[in-house]
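What follows is a single structure, written as structure tokens, with notes after it.
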Amino acid sequence: MNDKSPTNSAIVPDPELTGWIRDIRRTIHQYPEPGYQEHRTRKYIAEKLGEIGVPVLRDSSKTGIIAAIGNESKDQPCIALRADMDGLPVLEKTGLSFTSKIPGMMHACGHDGHVAMLLGAAALLKNSDIPGKVVLFFQPAEESGNGAHAMIKEGALEGIQQIFAGHIDRHFNVGQIAAEPGLICAYTDPFNIKICGRGGHASRPHETVDSIVVASLLVMSIQTLVSREVNPSYPTVVSVGRIEGGSAHNVIAEQTSLKGTIRSTHPDIRSQIIAGLERMVGAMDDLYDVTTEITFGEGLPPVINDKQAAEVACEAVTRVTGEEGLVKQRHPSLGGEDFSFFLQRIPGCLVRFGAGGKDRADGPAHSPYFDFDEGVLPIGAAYLSQVAQLALHKLHTSSS
């Protein structure tokens, strides 16, 4: 991308830069680290920033990095680009030549690609004449630690007017980027249910209250919250992901716990589901003579793209991929994304980078077989570079 003007079409990185970006992705993929433990990843990112002459401004939230490119003057516009860094506790089964070397850990959600794209964008921006400052957020702990919220509490957004990011998505093909305003990711509300009955010998169930049986009945009942109580026009999911109970094959369990998550796309539906779940859990006490308790963990707000920021994102997409590359997400994802915390504070936009194809049989995100087409990497880097330049250009024009 040699043309410095943000008004001309972007060109994806040349083969040398594309290879540099790909190698970064593969190196990071081999050493996945959990949230707030991305020490090796952080060091590697700092080294790569040094290679292209971009200084690290400061560390953030234990293992994150903040860097910047462009004009440091306070009267110039300032936007941020964000990439998440952490891996997942998944045992990789892809068979890739650069498979994870950390037992039980894997980059199963594309964060290795996100980091590589942002470093690629940094290399492109470093050689561009930009009317303002671009701050680079390499954010830890997206998967489970709400790293975005932690960065905000440390003051990361000070002076920043807009923020942009993207997420690899195999539901779209390489060369497609989904961008649009409005709600694109769901509310997430984790819950934990404890059921306490009366334990005893498996041969004498009449002397007990079997918490496992009650838990099983509750799991099935919960499914009717969505199928029979929620307006089907609003995407909603209630899933139980973990059941713990019992200690031996011949002992009726005194206590069983359920852990799950609520995903919803409207505040009223969210409140309805939470109230319904509390009602169903409480009803178990009288129905089956147990004692129950339900608690809710810290969830995520929805990702709601700002209208004007989304317009900038859409224009950036068309300059990178052409009109044919700009697609709609069609319906909100029920996945959670802590980028939502940034969007509660300043305008911004999260897009979806197409990274799949009809001939790819890899597993879905968070699967031990997850992989993506690396053809997305230079496209994502070009988009991030272009959206930064466009956003700064528009902010500069509107203020002059």
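The values are calculated or read from the model by the stated rules, or taken from the named source; none is laboratory data. Computed from a predicted model, the values in this text were never measured in an experiment. Please note: Cβ atoms are built from the backbone with ideal geometry, for glycine as well, and neighbour counts cover all protein chains shown.
Residues checked against (1) assigned to a helix (DSSP H, G or I); (2) hydrophobic (A, V, I, L, M, F, W, C):
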site	(1), (2)
LEU217	yes, yes
TYR234	no, no
ALA248	no, yes
LEU258	no, yes
SER271	yes, no
LEU277	yes, yes
ASP285	yes, no
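Please find, among SER9, SER73, the residue that is more than 22 Å from VAL351 (Cα to Cα), of a type in the set (Gly, Ala, Ser) and modelled with pLDDT under 95.
That would be SER73, the only listed residue that is more than 22 Å from VAL351 (Cα to Cα), of a type in the set (Gly, Ala, Ser) and modelled with pLDDT under 95.
Please find, among ALA215, ALA253, ALA165, the residue that is buried (at least 18 other Cβ atoms within 10 Å of the Cβ) and either closer than 29 Å to ASP371 by Cα or of a type in the set (S, T, N, Q) (or both).
ALA165
From the list ARG319, ARG345, ARG352, which one is surrounded by fewer than 19 Cβ atoms within 10 Å (Cβ to Cβ) and charged (D, E, K, R)?
After ruling out the rest, the residue left standing is ARG345.
Looking at (1) in contact with a helix residue (DSSP H, G or I) (Cβ under 7 Å, 6 or more places away or on another chain); (2) within 28 Å of GLN223 (Cβ to Cβ); (3) not in a helix (DSSP H, G or I), which one does VAL351 not meet, given that it meets all the others?
(2)
Out of region 82-115, which residues are acidic (Asp, Glu) and more than 25 Å from VAL134 (Cβ to Cβ)?
Scanning region 82-115 gives a single hit, GLU92.
Does any residue in region 26-43 that is over 18 Å from GLY145 (Cβ atoms) come within less than 8 Å, Cβ to Cβ, of a residue that is among the hydroxyl-bearing types (Ser, Thr, Tyr) and assigned to a loop (DSSP other than H, G, I, E, B) six or more places away or on a different chain, and which pairs are these?
Cβ pairs passing all conditions: HIS29/THR99; HIS29/SER100; GLN30/THR99; GLN30/SER100; TYR31/SER100.
If you take just the helices (runs of 4 or more DSSP H) that sit entirely in region 37-155, which of them hold at least 1 residues that are over 21 Å from PHE342 (Cβ atoms) and touching a Ser or Thr at 6+ places or on another chain (Cβ under 8 Å)?
39-51, 111-126
Would you call ILE184 under 15 Å from the mean Cα position of the chain (by Cα), buried (at least 21 other Cβ atoms within 10 Å of the Cβ) and assigned to a strand (DSSP E or B)?
yes
Restricting the search to region 71-109, which residues are among the charged types (D, E, K, R) and either in contact with a Gly (Cβ under 6 Å, 6 or more places away or on another chain) or outside the structural domain of LEU377 (by TED's automatic domain parsing) (or both)?
ASP86
Give me the residue from region 109-166 that is at pLDDT below 95 and among the small types (Gly, Ala, Ser) and, out of that set, nearest to ALA355 (Cα to Cα).
SER144
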